[in-house]
Amino acid sequence: RREESAQTEREEESIGAGFKLFYYGVDSKRNGVGVVLKEEFVRNVLEVKRVSDSVMSLKLEIEGVMLNVISGYAPQVGCELEEKERFWSELDEVIESIPMGERVVIGADFNGHVGEGNRGDEEVMGKFGVKERNLEGQTVVDFAKRMDMAVLNTYFQKREEHRVTYKSGGRSTQVDYILCRRGNLKEISDCKVVVGESVARQHRMVVCRMTLMVCKKKRSETEKKTKWWKLKKALGGQVVLPDDWETTTKVIRETGRKVLGVSSGRKKEDKETWWWNEEVQAQMEVSKAKQKAYDELYTRLDTREGQKDLYRLARQRDRDGKDVQQVRVIKNRDGRVLTSEESVQRRWKEYFEELMNEENEKEKRVEGVNSVEQKVDKIRKDEVRKALKRMKSGKAVGPDDIPVEVWKSLGEAAVEFLTSLFNRVLESERMPEEWRRSVLVPIFKYKGDMQSCSNYRGIKLMSHTMKLWGRVVEARLRKVVEICEQQYDFMPRKSTTDAIFALRILMEKYRYKLSRSKTEYMCVNEREGSGTVRLQGEEVKKVQEFKYLGLTVQSNGECGK
C-alpha cells in the first residue's frame, strides 16, 4: 500500500497499532514515498531499495512466495520533462531487476488519467476508469504494456464514488493506481476506493484484495539431538569403555540415543525480547512484567551482568531499527538477492572457500636454524583431569555429536580412555578422521548489510574431544613459551577491546584530537567490502604501508626495515 510520506531522510519507524512505516524523503519535503507493513510481516522483509524520493521497493517472502511492493510518486503535470523521464526510468529499472517468477504490486500516485474505456488497451486495463485520458495517463498505459502489467482500478465495476481517488474543490478524478503483473490477475479479487478514509490532502485510500497462491509450508525443524542433559540421571554402576576411538564413540552415541532419547527437531518459538521468560509469560499483565524486568535491570546496572543486559538491550533496539531483521536470503557477488535454498548454500560455500583457502606469501623470518629433536613425555592423567575441568559445559557439539559432558560424567573411566587415546595420537602423529570435520556456522557481526557474506564471522563447531586434546597441548606449550604483556588478542582475561578502551581514555585525558587532514589508516590483509573509515563525517586517507619505530609495516602483513 502506498503512503505519501511527510518524513525526511531514509528511515523506518513503528507508527503504532501494530504497523511499521518504511519511507524515504528529503529535506525539501517536496516528494516522499513509503510502505506500511503490519508488524507480523516485518520479519518477512528480505530487501529494501530506496531508489529516490519518488521510487522505493520492498521484497517480502510470504509462505515461499516472493512479493515485491513498489511505492511511487510521479511528477505533476507542470513539472519539467527531464524530471518525468527520470521517474519512469527509475521505475523501469526497478521492475526489470525483479525476476519474472516473483509477484509485483505497484501502488503510486501517477498524476495521470487513464480514462474510461479500454478500446485497444484491453490487455492492460479494464473499462471502468474515470473521465477522459490525458497525456500522463497514456504514459501509465504505455508503461503497463511495456512491463506486461495491469491497472487494477479499472477492472472492477464500481460506483464512481468508489473509483475517484482525488478530490479538490469541485474536481474529482482518478490519479492513484495499483498495478500488478498480468500473469497474476487471477489472484486479484477486488480493487476500490475506501470512501471516507483520507490518507493525504485531497487523496483517498485505494485498496485491493490479493490472494497469493502460496507453496505448501514445510514444518520448520532443526537437527534432532541426543538428550545428553539426562546423562547424569541415567548413569549407574561401573563404566568400562573400549580401547579404540571408533568403537567407543559408536557405543556412546547409540547408547545415548537409546537410553536418553532424541529431541523432536521442532524449532523452538523465537522470542524477540531477552526479558521474556516462563515467569513473565505466566503473568496476565505483560506490561507489569516488562516494568518489573526493567526495574531489576536498573538495580543491576552497576554490576557486570547489568552492563551486559544494557548492551543487549541497545543491540536489540538497533536491530529493531534496521530494514531487514532476519536473514532468510543472501546476496551474490553482484549484490543480487538469492532466494532459493540451493543458491544461498552455493554462495556460502563459494564465500568460505575463498576466505579460508586464500594464501599470503610470508617473509621467512628465521633462516639457517636446524630442527632439534627432543623427547616428549607421555600425557599424564592429571593433565587430562585439569583440561576436563577447564572445559565449559553446554556448548554446541561438533559432527561427532559427543559433548564434553559425557567425559565429565564418566569420571575416571573417561580419564583413562582419553589419556590412552591422546598418547596414541601423540605417538602416531595421526588423529581420528572425525576430528578433521566441523560444522561451519556464519554469525552476523551486527554491522553493515545483513545480507552480505562479508559481514559474517565463520564459527566452526568442532569435536569437543579434539578441543580437549588441544587444551592438553596448550597447557604444555604455555609452560615453555613466554608471551609479552602487550599481547592482548587470544589471551586469557585479556581483549583487544581493553587496549582500545585504554587508548581512548588516554586521548580524552590529555585532550588529544585527531587531525582530519593528517590522520591515515591501513588495513592488513584487507578483504573486499571492508568499507571505509570516517572521522567527523569525512573519509580518512587510506595507505598501503606505515613506518613505525624504524620498521615498515605493509598492508599484506609483511614487516621490514
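Read-outs: derived from the displayed coordinates by stated rules, not from any lab. Quantities reported herein were computed from a predicted structural model and do not represent experimental measurements. Cβ sites come from the backbone with ideal geometry, for glycine too, and all protein chains shown count toward neighbours.
Distant-in-sequence amide contacts of ASP53, defined by a placed amide H-H separation under 5 Å and a gap of 5 or more residues or a different chain, comprise nothing.
Across segment 172-179, computed HN-Hα scalar couplings (Karplus, 6.51 cos²θ - 1.76 cosθ + 1.60, θ = phi - 60°) run 8, 7, 10, 10, 9, 9, 10, 10 Hz from first to last residue, x flagging Gly and Pro. Simple spin-label estimate for GLN202 and SER52 gives 2.1 nm between the two label positions (7 Å along the Cα-to-Cβ direction from each Cα). Averaged over residues, the count of other Cβ atoms within 10 Å places the peptides 400-406, 447-453, 412-418 in the sequence 400-406, 412-418, 447-453, highest first.
Could you tell me the number of lysine pairs in segment 461-521 with C-alpha atoms less than 24 Å from each other, where the two lysines are 8 or more residues apart or belong to different chains?
Values: LYS467/LYS479; LYS467/LYS494; LYS479/LYS494; LYS494/LYS509; LYS509/LYS518.
Here the count comes out as 5.
Summing charges over all other residues whose Cβ lies under 9 Å from the Cβ of VAL404, with Lys and Arg as +1 and Asp and Glu as -1, gives +3.
Placing a label point 7 Å from the Cα of LYS445 along the Cα-to-Cβ direction, the residues of segment 477-498 whose backbone N falls under 20 Å from that point are 488-491, 495-498. Between LEU461 and GLU161, residue separation times 0.36 nm minus the direct Cα-Cα distance comes to 101.7 nm. Protection proxy ranking, highest mean first, for peptides 454-463, 145-154: 145-154, 454-463, where packing is the per-residue count of other beta-carbon atoms within 10 Å, averaged. Sequentially through segment 484-500, phi angles give Karplus couplings (6.51, -1.76, 1.60; θ = phi - 60°) of 5, 5, 6, 7, 10, 7, 6, 10, x, 6, 9, 8, 4, 4, 4, 5, 5 Hz, Gly and Pro residues having no value and appearing as x. Pop the C-beta distance of LEU21 and SER189 into the FRET formula with R0 = 22 Å and round what comes out to the nearest 0.05. Result of the calculation: an efficiency of 0.25. For LEU46, nonlocal amide neighbours, meaning residues 5 or more places apart or on other chains whose placed amide H falls under 5 Å from its own, are LYS59, LEU60, GLU61.
Sparse packing (at most 12 other Cβ atoms within 10 Å of the Cβ) combined with a DSSP loop state is found for the following trypsin sites (Lys or Arg not before Pro) in segment 21-87: LYS29, ARG30. Calculated FRET efficiency, GLU93 to GLU342, Cβ-Cβ distance, R0 = 25 Å: about 0.35 to the nearest 0.05.
Taking amide hydrogens as placed 1.01 Å from N in the peptide plane, the amide H of GLY458 sits under 5 Å from those of ILE443, each at least 5 positions away in sequence or on another chain. Subtracting the Cα-Cα distance of SER454 and GLN554 from 0.36 nm times their residue separation leaves 33.7 nm of extension gain. The label-point distance for LYS518 and SER428, in a model that sets each label 7 Å from Cα toward Cβ, rounds to 6.3 nm.
In this model, which of LYS308/LYS447; LYS38/LYS59; LYS59/LYS167 are farther than 21 Å apart at the alpha-carbon?
Working: LYS308/LYS447 18 Å; LYS38/LYS59 14 Å; LYS59/LYS167 32 Å.
Violating the 21 Å limit, Cα to Cα: LYS59/LYS167.
A crude spin-label estimate for the pair ILE62 and GLU373, with each label 7 Å from Cα along the Cβ direction, gives 7.4 nm.
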